[in-house]
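The values are calculated or read from the model by the stated rules, or taken from the named source; none is laboratory data. Since we're looking at a predicted model, the values are computed, not measured. Every residue, glycine as well, gets a Cβ built from its backbone with ideal geometry; the counts of neighbours run over all protein chains shown.
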Amino acid sequence: MIIDTHAHLQDKQLRDNLEIILTRAEQAGVEKIICVGYDLQSSRDAVMMARKYKQIYAAVGIHPHDAKTLTNEVLEKFRDWGKEPKVVAIGEIGLDYYRDLSPRDKQQEAFIEQIKLAHEVGKPIIIHDRDAHQDVIDIVKEHRAGKNGGIMHCYSGNLPLAMESIKQGFYISFAGPVTYKNAKKAQEVVLQIPYNRLLVETDCPYLTPEPLRGKINEPANVRWVVQKIAELRKQHPDEIAYLTNRNAREIYRIKD
């Protein structure tokens, strides 16, 4: 059984067909899905879905694109939700210097505030890092961001950064791009990182894996990520499913 450690089921491309999508996920061997927030509304939706569906868990946070929307009132909401047992992480949070939709100083402030919140509620964090590797790892170190563990989501950095992230308490998660022909850097990281720090995700509805590119992504497709990692590491897909399931349960403190 596989755990999709990062999905956006509340996205308009998925939510209207949620029951069908969850059925397809179950048929594909996906037993649990972490629905990740990126602003206040999407975080609220994730919490509502986690309350309603046994296989869905939630993460709440403000994405760096929306960093300028983080207020004390929003933090208070996240603090309340973060105490719920099915809210398993603060995220996705971090830095995005590719699109720069929020000023970089605001991104850094929001990142640090949400790290502090994760410390308060005793939950791991989910980091979004795009073209901001050095600033991300500097903040992670300075603020002990891995105190309760964390996930480098949809990993795009190099091997030294991955190993430093692991040293700081993080797991490394791979999504559809690891299946792409030009993903040599990510595939190198897959081969080198310890098996007990490896996770899989879809980041759906985005980043659809081969051979389904061009279609809307959904949790059932995480099996293609598992299959590619198994191929790269010369292991059976069932073994990768088992290992990543165990790792997801560990970082998200899922007990059942």
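Observations on the structure shown:
- Meets criteria (at pLDDT 95 or above, in contact with a strand residue (DSSP E or B) (Cβ under 6 Å, 6 or more places away or on another chain), closer than 19 Å to Y38 by Cα and not acidic (D, E)) for S173: yes
- Of all residues in segment 153-162 being assigned to a helix (DSSP H, G or I) and either among the aromatic types (F, W, Y) or touching a residue at least 24 places away in the same chain (Cβ under 8 Å) (or both), the one that is surrounded by the most Cβ atoms within 10 Å (Cβ to Cβ): A162
- Only one of the listed residues (K234, K228, K215) is among the charged types (D, E, K, R), over 18 Å from I20 (Cα atoms) and free of Cβ contacts under 8 Å to residues at least 40 places away in the same chain. That residue is K234.
- Among residues that are closer than 21 Å to L207 by Cα, touching a Cys at 6+ places or on another chain (Cβ under 7 Å) and not aromatic (F, W, Y), L22 is not included.
- Subset of segment 42-90 [surrounded by 19 or more Cβ atoms within 10 Å (Cβ to Cβ), among the hydroxyl-bearing types (S, T, Y) and either more than 18 Å from H128 (Cα to Cα) or in contact with a Leu (Cβ under 7 Å, 6 or more places away or on another chain) (or both)]: Y57
- The set of residues in segment 170-193 being without any contact (Cβ under 8 Å) to a residue 40 or more places away in the chain and farther than 15 Å from G94 by Cβ consists of P177, Y180, K181, N182, A183, K184, K185, A186, E188, V189, Q192, I193.
- The set of residues in segment 111-134 that are assigned to a helix (DSSP H, G or I), over 16 Å from K83 (Cβ atoms) and touching a helix residue (DSSP H, G or I) at 6+ places or on another chain (Cβ under 7 Å) comprises F111, I112, E113, H133.
- Subset of segment 125-152 [without any contact (Cβ under 8 Å) to a residue 24 or more places away in the chain and of a type in the set (D, E)]: D138, E142
- Only listed residue being among the β-branched types (V, I, T) and within 16 Å of L199 (Cα to Cα), chosen from I90, I127, I112: I127
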